[in-house]
Amino acid sequence: MDAPEADTALHSSEELLMRIIDNLAEGLIVFGPEGQSLHWNRRALAMHGYAQHDEKMANLAKISEDYVLLSPEGQALPMEQWPIQRLLRGEPVDDVEISLINTRQHWTRSFSYGGVLLRDAEGKPQFGLLTIRDITERKQAEKARTEAEQRLQLAVDIAHLGAWEWSVLDNSVYYSAQWKKLLGFEEADLPDKLDEWSNRLHPADRERVLNEVRTFVQHPVGTLKLEYRMRHRDELHRWMVAQAIASLDEQGHTVKLIGTMLDVTEQKQIEQRLLEVAQHDPLTGLPNRALIFDYASHLLAAAQRKHSRGALLFIDLDRFKPVNDLYGHEIGDSLLKEVGARLTACVRHEDLIGRIGGDEFVIVLSDIGKDFSALTAAQHVIDSLSRPFQIGGFDLSISASVGISFFPRHGINVDTLLHAADLAMYQAKEAGRGGYVVYTSELCNRLDTSASIEARLKDGLQNQRLQLHYQPVLNMETGKMIGAEALLRLPADGHEPIGPDRFIPIAESAGMIAELGDWVTREVCRQHREWRALGLPPLIIAMNVSSLQFRQRGFVARLLAIVEQSQIEPGCFQIEVTESTVMEGIDEAIGMLTEIHAAGIYIALDDFGTGYSSLSDLSHMPLDKLKLDPSIVQGLTDDRSSQAITEAIIAFGHTLNLEIVGEGIESEQSLNYLRLHGCQEVQGNLFSGAMPAMEFVDWYRKKEHAQWHA
């Protein structure tokens, strides 16, 4: 090959080489022994934002004017640490990661550099090659993943969640530092062994929990949720809630469980205290109506299975009201406590004694045979309560009237038996008090009080003879009246009006509750307009809603329509519902309450502390106020259980931004206790009982006048 042909072939080879270099997927820079730029391929130019003949590309010093280089740790690199300078010094450059901040074009990207410096036979640098890969997206993904992991870890730390993993194949486990901390250990103090979990399970929980885990491993559907007790480092057991999901192989078999654990001991203790208060009368410590019904229901079921007999004794104290009025509520409360103690001594260990309200008690006899009869028990009760009581330096005398019903003879459900014993008790009172009467079917004809009350309710609705009385609600801090609770009364000729405790169940059974509730709503709105015309401020008037009324179809629509038609501000109207009402179908109840709340009407949860709602349920309800149950409030003076539960309720209510109302306040001690612990609103006989509308106006004006001149 002659010289011209050789030159042509060489030129062609160079062109081919340049074409290959320019079309590489990676960036490539060819530089000279002094660091000067000899050639940038197209990818390198695009990466760095240069045009083909940009004068900036002439040498490294010029290029450095456009950039700030950062190490992977975010530290600025001096020029001598740039990849080309390192290659010229003979240092290796292999997959060196650097972030470039272009100060001229204002962008930041991350690159990975590799390079080689070619030398001649004498070892002098001839030229170098610098390869460049754009790793910006990978670094951003890594950063996002790291930040997400950090946020997740922060959330886990804030929530005090302990993380754990269990490999089903080899039983190896991992416990996070927080998991071990929940049990009182530092990370190094507790080995990652499966036995550290299983052996710490409470003996009463172990078999159940292990069975649930085994079942989930075999059928890994959804999320495994467990609640159990674990032995802490201090040897006490603490309540834990664990959740886990399964990691599966290609055949769908469980290979690993990944989960969290949370200490819920304090929440369980609060809920347990709530449950205890919900099931026991705070004054006497005896089971209350809820527990009586629950226990008696189980008793009836057992009696039917065993073909055994039992009895229910309904006890009403004679002459208790005069004692209460003459000596005061504190003496009356002490008397009720002593009555509870004497009743307990009258019956066997297996029988149940409870207080269902006021001065009424119930005894459930679980089995009555030849050696123990209901009549014997009733006589013991009468004899015991007829002995004088030494209370506060006074000799107090009362008696008891007792009604008796038998199961299954007089009924196969608790309501029927209680009603029968109630009728028999009224007959005992009519017979002269201080005795007992066994229920007979003839009592229904002679004591048809339900039918009489039903007739009077119908007459009251038709002829506008119903009444609303109003009890003031005061601001704890200022003492000013901010609202009132409307309480329905059924007038009785020549006697005290009948309260809702007696006629509401009758109205519900007679199908009159919706009409009755609508009447109350309209009357409350009318009364509010009248009070405003008389110069009273825009007080919030509260109305109680019974469970059956709340559940009736169209209740929300009728309520909102009446309030709208009345043209009063919805914010001056409040409905009060009990825990048991909203817990019967809680999702539907929340939807109804949300619609009412959206209209601007206030919502209060009444008699709180005696129901069965868990604290977590409350956070989903659109509530404005929690009203402490009067039985809890009245026990604040000397009952630690009432005090503990009150403090828990107030603290939890404040976390949900709910106002706490103390209801049924009858002593300065209870008032001071509630004030000390952050209760915002109060009502009770200590300030005023419920009053007719005009009497309420006079009371308000006198109170305002007294405060004005104070």
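The lysines whose alpha-carbon is closer than 21 Å to the alpha-carbon of Lys337, local same-chain residues fewer than 8 away aside, are Lys321. In the context of the full set of protein chains, residues of the chain present 51 Å² of accessible surface per residue (probe radius 1.4 Å, heavy atoms only). A straight Cα-to-Cα reach below 26 Å connects Lys306 with the lysines Lys370, residues fewer than 8 places away in its own chain not being considered. For region 359-428, the direction-averaged projected area of the alpha-carbon convex hull comes to 5.6 nm². Charge dipole (Cα centre; +1 on Lys/Arg Cβ, -1 on Asp/Glu Cβ; no other charges) of the chain amounts to roughly 1640 debye. What a 1.4 Å probe finds exposed on the chain is 52% carbon and sulfur by accessible area, rounded to a whole percent.
For the set Asp422, Asp94, Asp383, the ranking by accessible area, highest first and with no ligand, DNA or RNA atoms included, is Asp94, Asp383, Asp422 under a 1.4 Å probe.
Once you've got the Cα coordinates, tell me which of Lys193/Lys268; Lys225/Lys268; Lys225/Lys256; Lys268/Lys627; Lys480/Lys703; Lys139/Lys256 are over 19 Å apart.
On the way: Lys193/Lys268 28 Å; Lys225/Lys268 16 Å; Lys225/Lys256 16 Å; Lys268/Lys627 22 Å; Lys480/Lys703 8 Å; Lys139/Lys256 30 Å.
Pairs exceeding the cut-off: Lys193/Lys268; Lys268/Lys627; Lys139/Lys256.
The slack between Glu186 and Thr103, meaning 0.36 nm per residue of separation minus the straight C-alpha distance, is 25.0 nm. For Phe320, the accessible surface of its heavy atoms amounts to roughly 20 Å² (probe 1.4 Å, protein chains only, rounded to the nearest 10).
Rg/Rh for region 505-575 stands at 1.01; both radii use Cα atoms, and Rh follows the Kirkwood definition. For the chain, the pair-distance distribution built from all alpha carbon pairs, in bins 20 Å wide starting at 0, is 13, 31, 25, 14, 11, 6, 1, 0 percent. Given R0 = 41 Å, the distance between the Cβ atoms of Gln140 and Thr478 translates into a calculated FRET efficiency of 0.10.
Just subtract the alpha-carbon distance of Arg465 and Lys268 from 0.36 nm times their residue separation and send over the number in nm, one decimal. Walk me through the numbers before you get to the answer.
Details: separation 197, 0.36 × 197 = 70.92 nm, distance 4.87 nm.
Working it through step by step, the gained length comes to 66.1 nm.
For region 500-647, the spherically averaged projection of the C-alpha convex hull amounts to 10.1 nm².
Relative to the longest principal axis of the Cα atoms of the chain, the long axis of helix 513-533 makes an angle of roughly 80 degrees.
May I ask for the distance between the Cα centers of region 347-424 and region 527-546, given as a whole number of Å? Here the two parts' Cα centres lie 43 Å apart.
If R0 is taken as 30 Å, the Cβ-Cβ distance between Ser297 and Glu207 corresponds to a FRET efficiency of 0.60. Pairwise Cα distances in region 450-561 exceed 26 Å for 24 percent of all pairs.
Calculated on the Cα set of region 243-327, radius of gyration then Dmax: 24.8, 81 Å. Here the scattering of region 621-687 is modelled by Debye summation over its C-alpha atoms, one equal scatterer each and no solvent; at q = 0.24, 0.27, 0.29 Å⁻¹ the log10 of I(q)/I(0) is -0.98, -1.22, -1.38.
Quote the charge dipole size of region 212-309 about the Cα centre in Debye, to the nearest 20; the model charges only the Cβ of Lys and Arg (+1) and of Asp and Glu (-1). Could you put the intermediate results ahead of the total?
On the way: 13 positive and 12 negative charges, 93 e Å.
Charge dipole, region 212-309, about its Cα centre: 440 debye, nearest 20.
Candidate cross-link partners of Lys124 among the lysines, defined by an alpha-carbon separation under 23 Å and a same-chain spacing of 8 or more, are absent. A simple spin-label model places the labels of Val241 and Ser172 3.2 nm from each other, with each point 7 Å out along Cα-to-Cβ.
The values are calculated or read from the model by the stated rules, or taken from the named source; none is laboratory data. Worth saying up front: this structure is predicted, and the values here are computed from it rather than measured. A quick note on method: Cβ atoms are made from the backbone with ideal geometry, for glycine too, and the neighbour counts reach across all protein chains shown. Just so you know, the surface numbers come from the protein's heavy atoms only, side chains and all, with ligands and any DNA or RNA stripped out. Shrake-Rupley method; radii C 1.70, N 1.55, O 1.52, S 1.80 Å.
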